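**Student:** This structure is in structure tokens; I'll ask about it shortly.
The values are calculated or read from the model by the stated rules, or taken from the named source; none is laboratory data. Being a predicted model, the structure only gives us computed values, none of them experimental. Glycine also receives a Cβ, built like all others from the backbone with ideal geometry; neighbour counts cover every protein chain displayed. Each accessible area value is taken on the protein alone, full model and side chains, heavy atoms only, with ligands, DNA and RNA left out. Shrake-Rupley method; radii C 1.70, N 1.55, O 1.52, S 1.80 Å.
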Amino acid sequence: MKKILGMSLIAATTLAFASTADDIAKLEKEIAKLKKKVNKVNAHDANDNIKWGVDFRTAWDSINYDMADGSSRSKSDLYSMRLWLNMAYAPDSHNIFKGQLSMNKAFGADFGMPGDGNRAFSMGGMFDWTANEALTDNNLKVRQAYWLYLGDNAFGADMPWTFSIGRRPSTNGFLANLRDDDPAQSPLGHIINVEFDGLSSKLDLSNVTGIPGMSFKVCMGQGSSNAEPLFETATPYAENDDQLEDITLAGFIFEPYNDGQIITKFTWFKAFDMPGMDMAMENGMPVIGPDGHFTYQPTAFKQYGDLDGGAFSVLIDGITEDGYFADAKVFASFAWTTTRPNEGESMLGSYDDETGTSYWLGAQLPVTDDGKFGIEYNHGSEYWRPFTYAEDTMIGSKLAVRGDAWEMYFTYQLTDALSAQVRYTKLDYDYTGSNGFFGNYTGGSNKISDMKAGAAGWDQITGMTGNPDPTDPQAVMAVAGALMQQNPNLTPQQAGQMAGQMAGAKAFLPNVVESADDFRFYIRYRF
């Protein structure tokens, strides 16, 4: 009996384990199917979502301007915050979307609309070249939005290529990115640093030439559009003959050599129908206002001509193969611009084609594993006129200086997400108009020492004539008479012109910046 019971238990146990093994095998198959479904869902979700990144900076700036008349203007406690929300999406290996939303404002302030109600240069109206770099308000604006196509073999050759269109990454370009502690964007920062809407296409020539990093990129864009806003006229978005024509630009970027350590880049561009202002004149003199005095006011915007320019920049990223200088960077850059005034017009104060030049030198040295110290110097000549309005400097573009600029900074990585920077920027101007437009009112290049001499001469003569007001036509006539007494060979027209220039120098000197400096400290979160 015991033997029979034992055999029965063995048989039952064997059957039970066999049944369990079958069930486990079935479960394993179901789990494998579920895993495949989950992986598909995860892959779909990964490709179906925009990837976000956050870049938030809070800064303190202490700024000072020394004016040509000896006065100063300053603000020692300018607090600001800048937010960038970065977006990226790649549905496949050939197509990429990138975007960036931005807010940039001073603490407790809204500079979104100038007091005169004119949505102007920095506010995203007539021009939106600095819409996200200028301190404005707490609204989010689009700083970048473009799609990028990555191709494999251009013209059937082993040449990878790209094409992109939209609001392009045209700020914080090559070399300018070092101070800003950002990856280099598309343009050469020495000559182009503005927000821009346009297209670009790049050919990678390294495989067909055997030269590391050689590439050629074509860039085109539009800096303003002549179109009537909706509801302002009966013909929305049609051209208005009384407004500025479209402002356009075309050029190229050529990389002759780039092995990651030695990086060389050359750019050339031509910009058409550049805008600016003149002083309102009547009978060769500034317009007289209702009070009988000269107004010294500008005309409305108009277009003066074209501008072309170029730059060649070299960066050595690692002076030696190992040791301290393996992480050191040094660079040099040379750039030029040439004005092409329309017939009968003057640009930057001259009726002739004028070429301005600039050179820029810098170094960035490691300080411990997490710190970087940088020093930079640049010089610009009389007619130097780059597109660097969006440079990240509160006192105006240092690279636009017609004179000399020095800068030192120390950047330190506090944590994986937090960094801090201390920076000092010093600008010394030899000529006026460094941060102006392309006409003759804000952009005119006048030697500051000559203006100071003219103003001093005005003070000397009006000390005898008794009327020092440079806006008073009677005072100008009195100075002209005194000049003719001092030099009988002067004609009335010549004396009047000299007196007018002296009066203009005296009137404008309080608004001419001779030097400026900016001390900045910021903390920045990026993740």
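**Student:** What about residue 369, is it within 21 Å of residue 509 (Cα to Cα), open to solvent by 50 Å² or more (accessible area, probe 1.4 Å) and either not in a loop (DSSP other than H, G, I, E, B) or not β-branched (Val, Ile, Thr) (or both)? Reasoning before the result, please.
**Tutor:** On the way: within 21 Å of residue 509 (Cα to Cα): no; open to solvent by 50 Å² or more (accessible area, probe 1.4 Å): yes; either not in a loop (DSSP other than H, G, I, E, B) or not β-branched (Val, Ile, Thr) (or both): yes.
Criteria not met by residue 369.
**Student:** Quick check on residue 175: is it touching a residue at least 60 places away in the same chain (Cβ under 8 Å), of a type outside the set (D, E, K, R) and closer than 21 Å to residue 312 by Cβ? First the steps, then the outcome.
**Tutor:** Values: touching a residue at least 60 places away in the same chain (Cβ under 8 Å): yes; of a type outside the set (D, E, K, R): yes; closer than 21 Å to residue 312 by Cβ: yes.
Judged against the criteria, residue 175 is a match.
**Student:** Next question. Going by what's in this entry, would residue 312 be described as touching a residue at least 40 places away in the same chain (Cβ under 8 Å) and among the aromatic types (Phe, Trp, Tyr)? Spell out the reasoning first.
**Tutor:** Numbers: touching a residue at least 40 places away in the same chain (Cβ under 8 Å): yes; among the aromatic types (Phe, Trp, Tyr): yes.
Judged against the criteria, residue 312 is a match.
**Student:** Quick one: would you say residue 411 is closer than 21 Å to residue 58 by Cβ and either aliphatic (A, V, I, L, M) or crowded, with 23+ Cβ neighbours inside 10 Å (or both)?
**Tutor:** Details: closer than 21 Å to residue 58 by Cβ: yes; either aliphatic (A, V, I, L, M) or crowded, with 23+ Cβ neighbours inside 10 Å (or both): no.
No; evaluated as a whole, the condition is false for this residue.
**Student:** Residue pairs, Cβ under 7 Å, 6 or more apart or interchain, first in segment 211-232 and farther than 25 Å from residue 151 by Cα and open to solvent by less than 50 Å² (accessible area, probe 1.4 Å), second charged (D, E, K, R) and assigned to a loop (DSSP other than H, G, I, E, B). List them.
**Tutor:** 224/246; 226/239; 226/245; 226/246; 227/239
**Student:** Something else about it: Hey, can you tell me all the residues within segment 315-331 that are among the acidic types (Asp, Glu) and on the phi > 0 side of the Ramachandran plot? Before you say what the answer is, go through the steps one by one.
**Tutor:** Filtering segment 315-331 down to residues among the acidic types (Asp, Glu) leaves 317, 321-322, 327.
Of everything in segment 315-331, nothing turns out to be among the acidic types (Asp, Glu) and on the phi > 0 side of the Ramachandran plot.
**Student:** Would you check if residue 521 is touching a strand residue (DSSP E or B) at 6+ places or on another chain (Cβ under 9 Å), open to solvent by 70 Å² or more (accessible area, probe 1.4 Å), outside any helix (DSSP H, G or I) and over 17 Å from residue 285 (Cα atoms)?
**Tutor:** Numbers: touching a strand residue (DSSP E or B) at 6+ places or on another chain (Cβ under 9 Å): yes; open to solvent by 70 Å² or more (accessible area, probe 1.4 Å): yes; outside any helix (DSSP H, G or I): yes; over 17 Å from residue 285 (Cα atoms): yes.
Judged against the criteria, residue 521 is a match.
**Student:** Further, regarding this structure: Give the residue that is nearest to residue 344 (Cα to Cα), with candidates limited to residues of segment 273-313 that are part of a strand (DSSP E or B) and of a type in the set (Gly, Ala, Ser). Before you say what the answer is, go through the steps one by one.
**Tutor:** The initial filter retains those residues of segment 273-313 that are part of a strand (DSSP E or B), namely 273-276, 279, 281-282, 285-286, 288, 294, 298, 302-313.
Filter once more, so that each one left must be of a type in the set (Gly, Ala, Ser): 276, 305, 309-311, 313.
Values: 276: 15, 305: 10, 309: 22, 310: 26, 311: 29, 313: 35 Å.
Checking each candidate, the answer is 305.
**Student:** Do you know which of the residues in segment 339-364 that are under 22 Å from residue 249 (Cα atoms) and buried (at least 19 other Cβ atoms within 10 Å of the Cβ) is nearest to the chain's Cα centre (by Cα)?
**Tutor:** Checked segment 339-364; the qualifying residue nearest to the chain's Cα centre (by Cα) is 358.
**Student:** Ok, one more. I need every pair where a residue in segment 133-149 that is more than 21 Å from residue 162 (Cα to Cα) has its Cβ under 7 Å from the Cβ of a residue that is open to solvent by 70 Å² or more (accessible area, probe 1.4 Å) and not polar (S, T, N, Q), sequence separation at least 6 or different chains.
**Tutor:** Taking only residues 6 or more apart or on different chains, the pairs are 135/111; 136/111; 137/110; 137/111.
**Student:** While we're here: From (1) at pLDDT 95 or above; (2) open to solvent by 40 Å² or more (accessible area, probe 1.4 Å); (3) within 29 Å of residue 424 (Cα to Cα), pick out the condition that doesn't hold for residue 68.
**Tutor:** (2)
**Student:** Determine whether segment 285-300 contains at least one residue that is at pLDDT 90 or above, within 28 Å of residue 384 (Cα to Cα) and open to solvent by 30 Å² or more (accessible area, probe 1.4 Å).
**Tutor:** Taking every residue of segment 285-300 in turn, none turns out to be at pLDDT 90 or above, within 28 Å of residue 384 (Cα to Cα) and open to solvent by 30 Å² or more (accessible area, probe 1.4 Å).
**Student:** Here's another thing I want to ask about it. Scanning segment 317-338 for residues that are β-branched (Val, Ile, Thr) and more than 24 Å from residue 400 (Cα to Cα), which turns out surrounded by the fewest Cβ atoms within 10 Å (Cβ to Cβ)? Break it down into steps so the answer makes sense when it comes.
**Tutor:** Pass one, segment 317-338, residues β-branched (Val, Ile, Thr): 319-320, 330, 337-338.
Next cut, more than 24 Å from residue 400 (Cα to Cα) only: 319-320.
On the way: 319: 16, 320: 10.
This residue is 320.
**Student:** On the basis of being touching a strand residue (DSSP E or B) at 6+ places or on another chain (Cβ under 8 Å), closer than 30 Å to residue 499 by Cα and not hydroxyl-bearing (Ser, Thr, Tyr), does residue 438 make the cut?
**Tutor:** On the way: touching a strand residue (DSSP E or B) at 6+ places or on another chain (Cβ under 8 Å): yes; closer than 30 Å to residue 499 by Cα: yes; not hydroxyl-bearing (Ser, Thr, Tyr): yes.
Judged against the criteria, residue 438 is a match.
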